[in-house]
């Protein structure tokens, strides 16, 4: 992958000037995935990252239901009910693929062999706690899937989310109020307004989009450090 | 396997009249292996049991170095350095074979999926303790291989041994004096002089060969029960 | 012992007892043993504990088994789906128990059952709701949760092909939970698309060796 | 990360550090990465801990590495063989440490390392010399020994074929420890008989996926 290549959609606004939409965030994440990395993209918005990985990136996608070197979503005659991703969407296989069973697939995840995983989140805390599986609502039916395994397994855990909820509440918080998926597991948070590194020294703002650090500091309930 | 078929070597003495040699013991064990059983034969004398399993026995041999449906030893051009048994002797593969790695092979053993394993022994105690890996001699180099895994894994553990050492000491004993391979793991002991079931009630003599129960009781330091 | 080749799914599920723990393969529809589940519905066993990744979709398969009130408890990673309304209704009415297990721990706990492991320290879920009440231990600075095996009385799995000895191969991501469940249950029943002669499957490519398989039935719709 | 295809075994073993723990595949000669071991002898790393099923045979391979005094400790299941005289001599002279591990526990401890398991309760060896000093626990009436992962800095394994991405297949019982060791070491180096183009290996039959493999070298004698 060429880290200097522009986002694939020429109509997108240039990064840095204004807030990003989900496609922009996905493109921004794709730029940070090293050449040849083994990557798991969580269900939902993180799957958009795949659209921004170039063919020569050498990135190998893992799907936790038992496959490495997963290809794009299947269309038309290529749809095969035996070949789906973790979101149960029909996908394709690339040359060099391998299939394995669930225990082997999660051993691969839990054993720290994936270089990167990208997950959505309800909340991320300053010390890297992740909440993305359960709203904690009393009538919610709990369902975790592979979220907890992914959160603790990959060498680097990237979160992709908006920085604020629709009602304006911060999602990067001093302490998560939603039930946790994993503790101290998030390395970096990609949002519409900024990219944050969660470090032992604190939350470092690597980059902003249409906002200043001071803007963000005024709306977030935690100290921000410049990069 | 037809449990009524005679031993394969017509020259063998009829069972029951006189002590058995190792081939006789192997034949006697083969008679007790159920049709279609999955069986591991330990290194050394237990491998002789294979010679007494008929082709229609349906017995499937496991070798702990990663194979089910192992065939007889390889001869001449059939020798393949990639295909050996646990004793590192070249063997063959039968139709319906399967290969797997060491962790899967020992998971199969430890998980209780083998119906029978047959092991040699230095000593077996009345309550089923097995000693077959270490003489306990101060200058001996300890080496256990798969003996401990086999001892605790199979549904039925059969021991094949002479009842006495060359110097006349009993090998079926109240308590093992050699270091143990496993505790309470042996179900049945096949010897040159008798077959013993190790039961919660005590040592039951199922069958004798050229000896009476009284003869044996006089030479063994433990109570014997008739079948 | 020797695998039983069954002529019909009803023969394959015969004898499943009330109160059994039934491991059911599949991830979504991939690898789902639909004909075996339908046969289990006809067979009648009740008060079942079902271990499966999901808790049924729509009105067929697992959802139909649930709808008939035959399942006391579901152990799964992800019950909630867009079309899991049968489970959702039973759960909200307090008519079914639920144990949510992280997907990898679900697989590993069944693997432990099949591999003779008594329990294992697993990092997944440490510090979360799903570890509440469980023993934990810090090993080399990391917190682990002690997880115990999940054993089945019966496993119902879907595979691609079987030979006459019971060796199984799967196809693509339909492999998922099948090979693990096959090691973890007392009686393993496989629904396959095709039964081939022994010797046809490549011994290097067999995923579930015959030792794990008790009964095989070829799909009626294959 | 992307596998490195090496032109020579010396390139494949470059950088192995003194004091490393080296997992060495093979069971007898089947699957033994002979050219990688010979290259390690030339490479010079010393004070090694070697984890392998055996402790060398005759005067070549592992035995030659031992004879050069480069191994501080051997972790294995079966050091004593008819032709293990190099190891035997070092051991009796007190010049090498030995940890004997039951063969299945050796495999499972490496699997645990690769699978992120912190420790596991294993029935093997309970009540024997090899469990002395280890934590035990009775679970459902059976005694288990707590076993910890064995991790390698490096694994040297032999496989049959690799593709250019590093996916591996093995052949017959030469598979043995290779796939497990490949999951348990920081740097995994595979000696193969043939490197084929990506896409040639059947994805259903890949035993060690490329994610586990760092360097591949084709045997010079192949």
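How many partner chain Cβ atoms sit within 10 Å of a residue's Cβ in peptide C:139-146, on average, as a whole number? Numbers along the way, then the final one.
Values: counts 5, 4, 0, 3, 4, 4, 1, 5.
Other-chain Cβ atoms within 10 Å of each residue's Cβ, averaged: 3.
Rounded to the nearest 0.05, the FRET efficiency derived from the C-beta distance between residue B:140 and residue D:72 at R0 = 35 Å is 0.95.
The mean number of Cβ atoms from other chains found within 10 Å of a Cβ in peptide B:65-76 is 4, as a whole number. If R0 is 45 Å, what FRET efficiency do you get for residue D:205 and residue B:217 from their C-beta distance, rounded to 0.05? So the FRET efficiency works out to roughly 0.20.
Is segment B:145-227 best put as rounded, prolate or oblate by its Cα gyration tensor, with a ≥ b ≥ c the root eigenvalues, rounded for a/c under 1.5, and otherwise prolate when a/b is larger than b/c, oblate when not?
Details: a/c = 1.85, a/b = 1.48, b/c = 1.25.
Note, shape of segment B:145-227 comes out prolate.
Label-point spacing at residue B:21 relative to the other copies reads 8.8 nm, in ascending order, each point sitting 7 Å out from Cα along Cα→Cβ. Which shape class, rounded, prolate or oblate, goes with the protein assembly as shown when its Cα gyration tensor gives a ≥ b ≥ c as root eigenvalues, a/c under 1.5 marks rounded, and past that a/b bigger than b/c marks prolate? Taking the square roots of the gyration eigenvalues as a ≥ b ≥ c, the protein assembly as shown is prolate. Computed from the C-beta positions of residue A:155 and residue D:194 and an R0 of 41 Å, the FRET efficiency is 0.85 to the nearest 0.05.
Label-point spacing for residue B:51 across the identical copies (point 7 Å from Cα in the Cβ direction), in nm and ascending order: 7.1. Compared with the dominant Cα axis of chain A, that is its longest principal axis, helix A:22-31 is turned about 80°. For segment B:22-226, DSSP calls about 55 percent of its internal beta bridges antiparallel.
When the P(r) of chain B is calculated, the portion above 26 Å amounts to 36% of the C-alpha pairs. A simple spin-label model places the labels of residue D:95 and residue A:164 7.4 nm from each other, with each point 7 Å out along Cα-to-Cβ.
Among DSSP beta bridges whose residues both lie in the protein assembly as shown, state the antiparallel percentage, nearest 5. Don't skip to the end; give the middle numbers.
On the way: 65 of 165 bridges.
Among the beta bridges of the protein assembly as shown, antiparallel pairing accounts for roughly 40 percent.
Placing a label point 7 Å from the Cα of residue A:227 along the Cα-to-Cβ direction, the distances to the matching points in the other copies come to 8.2 nm, shortest first. Max-minus-min Cα coordinates of segment D:35-169 on each principal axis give 51, 45, 25 Å, with the largest extent listed first.
What percent does the relative contact order of chain D come to when contacts are Cα pairs within less than 8 Å and at least six residues apart? Averaging sequence separation for qualifying contacts and normalising by length gives 24 percent for chain D. The long axis of helix D:103-115 is offset from the longest Cα principal axis of chain D by roughly 60 degrees. Where the centroid of each part is defined by its Cα atoms, how far is segment B:157-227 from segment A:102-153 in Å? Taking the Cα centre of segment A:102-153 as reference, the centre of segment B:157-227 is 56 Å away. Label zone of residue C:137 (point 7 Å out along Cα→Cβ, amide N under 12 Å): in segment D:132-170 this covers D:134-138, D:144-149. Where the centre of each part is set by its Cα atoms, how far does segment A:17-90 sit from segment D:63-99, in angstrom? First find each Cα centre; the distance between them is then 49 Å.
In this simple spin-label approximation, residue A:79 and residue A:199 carry label points 7 Å from Cα along the Cα→Cβ vector, and these lie 4.8 nm apart. Relative contact order of segment B:22-226, taken over Cα pairs closer than 8 Å and 6 or more residues apart, is 17 percent.
Seen against the Cα atoms of chain D and their longest principal axis, helix D:34-43 is set at about 90 degrees.
Once both labels are positioned 7 Å from their Cα atoms along Cα-to-Cβ, the gap between residue C:129 and residue B:55 label points is 6.3 nm.
How far is the Cα center of segment D:1-59 from the Cα center of segment D:137-187, in Å? Using only Cα atoms to place each centre, the spacing works out to 15 Å.
No lab work stands behind these numbers, since they all come straight from the coordinates. Every value quoted in this text rests on a predicted model; they were computed, and no experiment measured them. Here Cβ is always computed from backbone atoms with ideal geometry, including for glycine, and neighbour counts include all displayed protein chains.
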